[in-house]
Amino acid sequence: EPEVTQTPSHQVTQMGQEVILRCVPISNHLYFYWYRQILGQKVEFLVSFYNNEISEKSEIFDDQFSVERPDGSNFTLKIRSTKLEDSAMYFCASSELSKAFRQFFGPGTRLTVL
Amino acid sequence: SQKIEQNSEALNIQEGKTATLTCNYTNYSPAYLQWYRQDPGRGPVFLLLIRENEKEKRKERLKVTFDTTLKQSLFHITASQPADSATYLCAPGHTGTASKLTFGTGTRLQVTL
């Protein structure tokens, strides 16, 4: 079965630094997502992306966050100035179509902000 | 506001028994509902999707029901095995065009020998 891949698997950064998390969605998928999961808490939606633009974002996804699809395969999440509370597992997901379709999740990037 | 509730306490059952997990939602009427499995440190994995016009859906040892009157979905694993031990997440669909998944807190299932 095709897989979503994410790099790096673990990123450690200093507070205030910029980080870029990378994802390669499944090749024929059209919708892309970022979610995050703080340790011990539930998986939370951050942003959805379709046709080279954001289609929906949550309250968590403020001006410090941005997403980009720089080429035909990568999908990135940038956090401009990391805060301690950004420490979490970040999951990328993709789906073939939009509503009522299964989403395929990547293995996640564990972000630790010191 | 929309609320999704799953039993936050872990469910411990013996191998071979049927596990039943509950997902209740309030303040909205999803047209479909998805169930995912999450292992520690891993991303959620899709299991089943059930639509509002389907009362029940089955896949191998898994069965999901969807009662739109009670605003509840039940997730059953029959003949449970230790390998079924994981956290199970429900995600009722959103109305309109939103495709995001909003997960419940999940129920951790532990199957013992």
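The values are calculated or read from the model by the stated rules, or taken from the named source; none is laboratory data. Just so it is clear, the structure is predicted and the values come from calculations on it, not from any experiment. FYI the Cβ positions are ideal-geometry reconstructions off the backbone, even for glycines, and counts take in every protein chain you see. Side chains are part of the model used for accessible areas, which takes the heavy atoms of the whole protein and leaves out ligands, DNA and RNA. Shrake-Rupley method; radii C 1.70, N 1.55, O 1.52, S 1.80 Å.
Structural remarks
- Per-selection metrics, the stretch A:1-58 (Cα): Rg and Dmax in Å: 13.3, 38
- Within a Gaussian network of chain B (alpha carbon springs, distance under 10 Å), most fluctuating of B:Tyr88, B:Tyr36, B:Tyr28: B:Tyr28
- Among the trypsin sites (Lys or Arg not before Pro) within the stretch A:51-114, those in coil by DSSP and having at most 14 neighbouring Cβ atoms inside 10 Å are A:Arg80, A:Lys83.
- Remark: the stretch B:3-112 carries a charge dipole of roughly 180 debye about the Cα centre, counting +1 on each Lys and Arg Cβ and -1 on each Asp and Glu Cβ.
- Partner lysines whose Cα lies under 24 Å from the Cα of A:Lys78, excluding those fewer than 8 positions away in the same chain, are identified as A:Lys42, A:Lys57, B:Lys100.
- In the context of the full set of protein chains, chain B has a per residue accessible area of 50 Å² (1.4 Å probe).
- Kirkwood-based Rg to Rh ratio, the stretch B:11-113, C-alpha trace: 0.97
- Positive-end ranking of A:Phe61, A:Gln14, A:Tyr50 along the dipole of chain A, with charges on Cβ about the Cα centre, is headed by A:Gln14.
- Across every pair of non-identical alpha carbons in the protein assembly as shown, the mean reciprocal distance, once inverted, gives a Kirkwood radius of 18.2 Å.
- Estimated FRET transfer efficiency when R0 is 45 angstrom, pair A:Arg80-A:Glu1 (beta carbons, to 0.05): 0.80
- Between B:Glu5 and B:Thr68, the modelled labels are 2.2 nm apart [label points 7 Å from Cα along Cα→Cβ].
- Here A:Glu85 sits with roughly 110 square angstrom of accessible surface, probe radius 1.4 Å.
- Assigned charges on the beta-carbon of Lys, Arg, Asp, Glu; the stretch A:17-94 dipole about Cα centre (debye): 220
- Looking at chain B alone, DSSP beta bridges between its own residues are antiparallel in about 90 percent of cases.
- Highest-fluctuation residue, A:Phe91, A:Phe101, A:Phe75 considered, GNM on chain A with Cα pairs under 10 Å: A:Phe101
- The accessible surface of chain B, taken with every protein chain in place and a 1.4 Å probe, is 46 percent carbon and sulfur.
- Total accessible surface hidden between B and A, rounded to 100 Å², 1.4 Å probe: 1700
- Take the Cα of A:Tyr50, step 7 Å toward its Cβ, do the same at B:Arg58, and the gap between the two points is 3.4 nm.
- Rounded to the nearest 20, the Cβ-based charge dipole of the protein assembly as shown about its Cα centre (Lys and Arg +1, Asp and Glu -1) stands at 420 debye.
- At least 50 Å² accessible surface lost relative to isolated chain, residues of the stretch A:24-62 (1.4 Å probe): A:Lys42, A:Val43, A:Glu56
- Placing one equal scatterer on every Cα of the stretch A:17-94 and applying the Debye formula, the log10 ratio I(q)/I(0) at q = 0.21 Å⁻¹ is -0.95.
- 1.4 Å probe, heavy atoms, protein only - residues of the stretch B:21-51 losing at least 10 Å² accessible area vs chain alone: B:Tyr32, B:Gln34, B:Tyr36, B:Gln38, B:Gly41, B:Arg42, B:Gly43, B:Pro44, B:Phe46, B:Leu49, B:Arg51
- Estimated FRET transfer efficiency (A:Gln11, A:Arg69; beta-carbon r; R0 35 Å; 0.05): 0.95
- Normalised per residue, the accessible area of chain A is 51 Å², obtained with a 1.4 Å probe and no contribution from ligands, DNA or RNA.
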